[in-house]
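Undergrad: The following block contains the structure, expressed as structure tokens.
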């Protein structure tokens, strides 16, 4: 089976998550965590990545990263491969450290709150996993970018960028007062967290406005016939098929009314249906509805009856 393609473009923002092979630990102790952070810092220098948030857990990590050069795949290959080599060398091990391919959710960074949602999800992970007692502040978890957000600019990791999240919280300045407001807001969200608001992060492939999602699907449709995965494949296939039908109808000079007036078994409709069956993954029901051919069984009948 062909591997799922990554959508890459300059300025893309992703929530990346990867687990240990067989859910085993990828950090055995604090020196491993320090080594991962150092390796990530090197990756940022090499790739130009801008980290918006991260959290290191026992057997997995979360990373929110912006890629100004559109190079997520190359950067992740270097990061995971290099950390694996360093981990194995230190612990006298060999073989895979991470389980399969990393998950990369594409995030709408337009300022409409989607980046805030995904960064909060990452920063609240230690509390959600009960790694902190209820009375402990979120900043007490050391292996997260959250304590770094609450430091002054000169004390933070040099590759962490805080401006976007501050902006989405409508905090105008990276000041001590602004950071207090930010901490109060996130701790307040922690107190009111239900978990249901994060379903799209856990299961989706894209988090953003409908227009943002459609733009991504259109890009993926440009690689029509190649392999994506799950929801992306189905939705991008539909976009591509819809675009193709629209172009053919325009070439014929037909509008929606004309399409509806033509009989279900019109030879032109049958020709379009045959191409859709041959060149797309759309179902007979979708083709029947789009070409006003009645039902899936009618499409099947017409394709069998009319010669190629």
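The values are calculated or read from the model by the stated rules, or taken from the named source; none is laboratory data. The structure presented is a predicted model; accordingly, all values stated were derived computationally and were not measured. With ideal geometry, Cβ positions are generated from the backbone for all residues, glycine too; neighbour counts draw on all protein chains shown.
Undergrad: Looking at 103, 92, 28, which one is assigned by TED's automatic domain parsing to the domain that holds residue 130, surrounded by fewer than 19 Cβ atoms within 10 Å (Cβ to Cβ) and touching a helix residue (DSSP H, G or I) at 6+ places or on another chain (Cβ under 7 Å)? Break it down into steps so the answer makes sense when it comes.
TA: Details: 103 fails: touching a helix residue (DSSP H, G or I) at 6+ places or on another chain (Cβ under 7 Å); 92 fails: touching a helix residue (DSSP H, G or I) at 6+ places or on another chain (Cβ under 7 Å).
None of the others qualify; the one that does is 28.
Undergrad: Against the condition in the same structural domain as residue 33 (by TED's automatic domain parsing), in contact with a strand residue (DSSP E or B) (Cβ under 6 Å, 6 or more places away or on another chain) and either closer than 27 Å to residue 48 by Cβ or at pLDDT below 90 (or both), how does residue 159 come out, does it pass? Spell out the reasoning first.
TA: On the way: in the same structural domain as residue 33 (by TED's automatic domain parsing): yes; in contact with a strand residue (DSSP E or B) (Cβ under 6 Å, 6 or more places away or on another chain): yes; either closer than 27 Å to residue 48 by Cβ or at pLDDT below 90 (or both): yes.
Criteria met by residue 159.
Undergrad: OK, next. Which is under 23 Å from residue 121 (Cα atoms), modelled with pLDDT of 95 or more and in a helix (DSSP H, G or I), of 63, 54, 40?
TA: Working: 63 fails: in a helix (DSSP H, G or I); 54 fails: in a helix (DSSP H, G or I).
Result: 40 is the single residue among 63, 54, 40 that is under 23 Å from residue 121 (Cα atoms), modelled with pLDDT of 95 or more and in a helix (DSSP H, G or I).
Undergrad: Listed residues 170, 190, 142, 179; which is within 20 Å of residue 30 (Cβ to Cβ), more than 21 Å from the chain's Cα centre (by Cα) and assigned by TED's automatic domain parsing to the domain that holds residue 16?
TA: Numbers: 170 fails: within 20 Å of residue 30 (Cβ to Cβ); 190 fails: within 20 Å of residue 30 (Cβ to Cβ); 179 fails: within 20 Å of residue 30 (Cβ to Cβ).
Of the residues listed, the single one that is within 20 Å of residue 30 (Cβ to Cβ), more than 21 Å from the chain's Cα centre (by Cα) and assigned by TED's automatic domain parsing to the domain that holds residue 16 is 142.
Here's the yes/no breakdown for (1) touching a strand residue (DSSP E or B) at 6+ places or on another chain (Cβ under 9 Å); (2) more than 16 Å from residue 159 (Cα to Cα):
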position	(1), (2)
29	no, yes
38	no, no
45	no, no
51	yes, no
64	yes, no
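Undergrad: Suppose the filter is modelled with pLDDT of 95 or more and under 28 Å from residue 111 (Cβ atoms); does residue 48 pass it? Talk me through it step by step, then tell me what you get.
TA: Numbers: modelled with pLDDT of 95 or more: no; under 28 Å from residue 111 (Cβ atoms): yes.
When the stated conditions are applied, residue 48 does not pass them.
Undergrad: Still on this structure, I have one more. Can you tell me how many residues within segment 150-173 are surrounded by 15 or more Cβ atoms within 10 Å (Cβ to Cβ), closer than 22 Å to residue 42 by Cβ and in contact with a helix residue (DSSP H, G or I) (Cβ under 8 Å, 6 or more places away or on another chain)?
TA: Residues of segment 150-173 surrounded by 15 or more Cβ atoms within 10 Å (Cβ to Cβ): 150, 156-157, 159-162, 164-166, 168-169, 171.
Those still in the list that are closer than 22 Å to residue 42 by Cβ too: 156-157, 159-162.
Of the ones still in play, those that are also in contact with a helix residue (DSSP H, G or I) (Cβ under 8 Å, 6 or more places away or on another chain) are 156-157, 159-160, 162.
The qualifying residues number 5.
Undergrad: Please specify each residue of segment 76-110 satisfying the condition of being in a helix (DSSP H, G or I) and within 28 Å of residue 199 (Cβ to Cβ).
TA: First, pick out the residues of segment 76-110 that are in a helix (DSSP H, G or I): 76-91.
Passing the criteria: 76, 79, 80.
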